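Take a look at the following structure, please.
The values are calculated or read from the model by the stated rules, or taken from the named source; none is laboratory data. No experiment lies behind these values; they were computed from the predicted model shown. With ideal geometry, Cβ positions are generated from the backbone for all residues, glycine too; neighbour counts draw on all protein chains shown.
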Amino acid sequence: MDRFEYIEARLFEGENYIKRDKNVKIYDGDDKTQFTDGEVVLTTHRILWGKPGDIPRGLVCLSLHLYYVFCIEEESGGVFGLGGPKRIILNLSPSLPGKRPGPAVVSTYHFLKLSFKDGVDPAFFKALYDAIAAKEWESPSTVATSLSVSSPTTSAKPSGPTVNSKIRSGIVGIERSIEEQHRATDQSISVAFQDLTKLMEKAKDMVAISKAISAKIREKQGDISEDDTVRFKSYLMSLGIDDPVTRDTFRSDSDYYMGLAQQLSDMMVGVLMDCGGIMSLADVWCRVNRARGLELISPEDLLNACKLLQTIDAPLSLRKFPSGACVLQLNSQRDEEVAKNISGLLEENETLTPVKLSQIANVSVLLAREHLLITERLGMACRDESMEGLAFYPNLFLRESAS
Amino acid sequence: MRRRAGLGAIQKQKLEQVKYREKGSEIQENQFQQMSKQLEVFRENLEEFATKHKNEIKKNAQFRRQFQEMCAAIGVDPLASGKGFWSVLGIGDFYYELGVQIVEVCLATNYKNGGLITLEELRTRLVAARGKAKKHQEITNEDLLAAVKKLRIFGNGFTVVPMGKGKWLVQSVPGELNLDHTLVLQKVSSLGTAWVSNSILMDDLGWTQTRAQSALSYMIREGLVWVDTQDPNETLLWFPSMFADCVSA
């Protein structure tokens, strides 16, 4: 919330209107704010939010510069993702000094959500995504206007003799200025990496340069490396946790595990939804640690935190298969839900074998059988064991007695 | 500029355009090379810093985040502790770091090996992804095995199977999440034959011998298939569940 500014709804020079949407609520991280039922206008540079009608009249509204947003994602309405995405999550970089006053001075969150009453319009999401990727605000025509609010683009430029007042023309001029830029970047890199304090001072510039380099190389070559592992690593680390829970900040172990469990659940819900609702613990452990960066947790810590997931009402839980393998799963994979789901499929298909179910639901044969057995145990399926193997039918006793 | 007329002028213009284009791509190529060089410098520096200043970086929350961002952009692994004195006793981050990297390699190659990888290949990939420094080359198979041992408390979802003669196979996908069997079934039903063999899986799905073998032996164990040794070339496996489809087709 602290990245917002109060400003009159007028476009900057070089800024263009892209899209608008109605009935939008702002969340500061996970918390509701007073800014509900508003209108959102997306421009090439900013997101504006105002009470209905305020923005067209040019009155004061909330404005968020798109350069704060480094990644966006969609969030579904219910836990089970029914009814399509309702919210857009904007992950934000820290607020910059010298910004205009906004509705909040500090915020504990590094993201905010825009909640759309009628669901997220895919076209709006796409437009927002494109606007962030396009980085219109970095194009030279707008530098003059964004200077007044101290845009990071100006600070991100490598220090050194880049500010050139000399006007050069012709190909040689272009070549020379490119060369000069490279030299400046080279120099600022070598200065920054002299020692740790220097690097810390220049961290922001270096982050920008590293991103610029990798973007350029990606553009040309497809990716920064041929190596599957390096690419995957890069992806995992980019989903970083800002403030990993550490043991030192808690007085007792159980508090620590609680905190860990909370963070785990925040981080993994989205991931699990993307990959079928179930993931082996080794996999989870790797992802969590990659997101935490240098603050590794041990397998024991993870297991202990997972055991607490139920006590904090997280939408996911630990599960141990009869084979001994531990997994983390969404609650939609819990027995009752599974049985309901499977009995629906039984009605549709009349009969199911583990093999058939595995193909319908695209799960492993073992898991399919497990699911069918759960359904049977809860009385929603009947088995038929024959030469051809094990098959399950809908439990007619339930239906007949009900009618 | 005065406009010139005539065929000669047109040709000249064309020639100029070609030259401009050449120059343009030359500049771009140059720029790309510069960028690649900077990427290299960046990578080396980050690797060095990650090793030398790990604790200082850890302490400063804001910088830690920025460091991570840089590493992510350039593709550098910030986890690069050496095998120090403490790691011999199983204390310290070395084996945890190795564990994270091991799982990572398995996940990254999952899509083509189905969660089965030899320890040898795993080590090669891991060392390559870790960086160029000499100490990374010194990671041994024993180190990897010790690191995997720490994952045992997650049940048998992540296991190392001895293959004899000092060879090991790492299995990273537990049976419950293994979709290989489903893939086999899909293959058989698309063939419409109700039987399958090792060589079919290897040729058609591009699997390795080990992967095909382990999927099929699982199905035999589970009683999903019948073994047929009559074929002179290799063992065929029949799916009784698909007999009916076959006959009616």
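Looking only at the stretch B:152-166, how many residues end up being at positive phi and not in a loop (DSSP other than H, G, I, E, B)? Walk me through how you get there before you give the answer.
Applying the first criterion (at positive phi) to the stretch B:152-166 yields B:155, B:164-166.
Add one more test, that the residue is not in a loop (DSSP other than H, G, I, E, B), and what stays is B:155, B:164.
Final tally of qualifying residues: 2.
Scan (1) more than 18 Å from the chain's Cα centre (by Cα); (2) more than 14 Å from chain B (Cβ to nearest Cβ) for the single condition A:Ala305 breaks and write down its number.
Just one mismatch for A:Ala305, condition (2).
Let me ask another. Could you please find all residues in the stretch B:35-62 being β-branched (Val, Ile, Thr) and modelled with pLDDT of 80 or more?
Taking the stretch B:35-62 as the starting set, the residues that turn out to be β-branched (Val, Ile, Thr) are B:41, B:51, B:57.
Residue satisfying the conditions is B:Val41 alone.
Would you please list the contacts, defined by Cβ atoms under 7 Å and residues six or more apart or on different chains, that run from a residue in the stretch B:122-135 that is more than 12 Å from every other protein chain (Cβ to nearest Cβ) to a residue that is part of a loop (DSSP other than H, G, I, E, B) and surrounded by fewer than 16 Cβ atoms within 10 Å (Cβ to Cβ)?
Every condition considered, the pairs that remain are B:Lys135/B:Gly82.
Out of (1) within 7 Å of another protein chain (Cβ to nearest Cβ); (2) buried (at least 17 other Cβ atoms within 10 Å of the Cβ); (3) basic (Lys, Arg), the odd one out for B:Arg43 is which?
(1)
Now, a different point. For B:Thr229, which of the numbered conditions (1) at pLDDT 85 or above; (2) closer than 27 Å to A:Ala361 by Cα; (3) away from chain A (no Cβ under 14 Å) fails to hold?
(2)
Within the stretch B:211-228, is even one residue under 21 Å from the mean Cα position of the chain (by Cα), part of a loop (DSSP other than H, G, I, E, B) and either assigned by TED's automatic domain parsing to the domain that holds B:Asp93 or exposed (fewer than 13 other Cβ atoms within 10 Å of the Cβ) (or both)?
No, every residue in the stretch B:211-228 fails to be under 21 Å from the mean Cα position of the chain (by Cα), part of a loop (DSSP other than H, G, I, E, B) and either assigned by TED's automatic domain parsing to the domain that holds B:Asp93 or exposed (fewer than 13 other Cβ atoms within 10 Å of the Cβ) (or both).
Now, a different point. Using the structure shown, decide if A:Lys211 is modelled with pLDDT of 80 or more and not assigned by TED's automatic domain parsing to the domain that holds A:Arg287.
Yes: the conditions hold for A:Lys211.
So, one more: Looking at B:Leu185, B:Leu169, B:Leu201, which is the one that is of a type outside the set (S, T, N, Q) and assigned to a strand (DSSP E or B)?
Within the list B:Leu185, B:Leu169, B:Leu201, the selection yields B:Leu169.
Which of the following residues is surrounded by fewer than 20 Cβ atoms within 10 Å (Cβ to Cβ), of a type in the set (A, V, I, L, M) and either modelled with pLDDT of 85 or more or over 22 Å from B:Tyr96 (Cα atoms) (or both): A:Val271, A:Val288? Please lay out each step first, then the result.
Values: A:Val288 fails: surrounded by fewer than 20 Cβ atoms within 10 Å (Cβ to Cβ).
So the residue among A:Val271, A:Val288 that is surrounded by fewer than 20 Cβ atoms within 10 Å (Cβ to Cβ), of a type in the set (A, V, I, L, M) and either modelled with pLDDT of 85 or more or over 22 Å from B:Tyr96 (Cα atoms) (or both) is A:Val271.
Which members of the stretch A:200-244 meet the condition of being in a helix (DSSP H, G or I), facing another protein chain (nearest Cβ under 7 Å), aliphatic (A, V, I, L, M) and over 21 Å from the mean Cα position of the chain (by Cα)?
Passing the criteria: A:Met200, A:Ala203, A:Met206, A:Ile213, A:Ile217.
Please determine, by comparing only the residues of the stretch A:47-74 that are closer than 10 Å to A:Phe4 by Cβ and under 20 Å from the mean Cα position of the chain (by Cα), which one is surrounded by the most Cβ atoms within 10 Å (Cβ to Cβ).
Checked the stretch A:47-74; the qualifying residue surrounded by the most Cβ atoms within 10 Å (Cβ to Cβ) is A:Ile47.
Restricting attention to the stretch A:281-296, which residues are out of contact with any strand residue (DSSP E or B) (no Cβ under 7 Å at 6 or more places or on another chain) and more than 8 Å from chain B (Cβ to nearest Cβ)?
To start, the set of residues in the stretch A:281-296 that are out of contact with any strand residue (DSSP E or B) (no Cβ under 7 Å at 6 or more places or on another chain) comprises A:282-283, A:285-296.
The answer is A:Arg287, A:Val288, A:Ala291, A:Arg292.
Of (1) within 7 Å of chain A (Cβ to nearest Cβ); (2) surrounded by 21 or more Cβ atoms within 10 Å (Cβ to Cβ), B:Ile27 satisfies all except one. Which?
The single condition B:Ile27 does not satisfy is (2).
Which condition breaks for A:Gly259 when tested against (1) closer than 24 Å to B:Asn60 by Cβ; (2) in contact (Cβ under 8 Å) with a residue 24 or more places away in the chain; (3) not aliphatic (A, V, I, L, M)?
Only one criterion in (1) closer than 24 Å to B:Asn60 by Cβ; (2) in contact (Cβ under 8 Å) with a residue 24 or more places away in the chain; (3) not aliphatic (A, V, I, L, M) is unmet by A:Gly259, namely (2).
Give the residues of the stretch A:314-359 that are at positive phi and within 8 Å of another protein chain (Cβ to nearest Cβ), sorted by residue number.
The answer is A:Gly324, and nothing else.
Examine the stretch A:261-272 for a residue that is within 7 Å of another protein chain (Cβ to nearest Cβ), within 23 Å of the chain's Cα centre (by Cα) and part of a helix (DSSP H, G or I), and state whether such a residue exists.
Checked the stretch A:261-272: no residue is within 7 Å of another protein chain (Cβ to nearest Cβ), within 23 Å of the chain's Cα centre (by Cα) and part of a helix (DSSP H, G or I).
Sticking with this one: Considering (1) part of a strand (DSSP E or B); (2) without any contact (Cβ under 8 Å) to a residue 40 or more places away in the chain, say which one A:Met279 fails and leave the rest.
(2)
Just the residues that are crowded, with 20+ Cβ neighbours inside 10 Å and in contact with a Gly (Cβ under 9 Å, 6 or more places away or on another chain), please, taken from the stretch A:242-260.
A:Pro244, A:Val245
For the stretch A:325-335, state whether one or more residues are in contact (Cβ under 8 Å) with a residue 40 or more places away in the chain and touching a Cys at 6+ places or on another chain (Cβ under 7 Å). Reasoning before the result, please.
Narrowing the stretch A:325-335 to residues in contact (Cβ under 8 Å) with a residue 40 or more places away in the chain: A:325-333, A:335.
If we keep only those that are touching a Cys at 6+ places or on another chain (Cβ under 7 Å) as well, we get A:328.
Within the stretch A:325-335, one or more residues are in contact (Cβ under 8 Å) with a residue 40 or more places away in the chain and touching a Cys at 6+ places or on another chain (Cβ under 7 Å).
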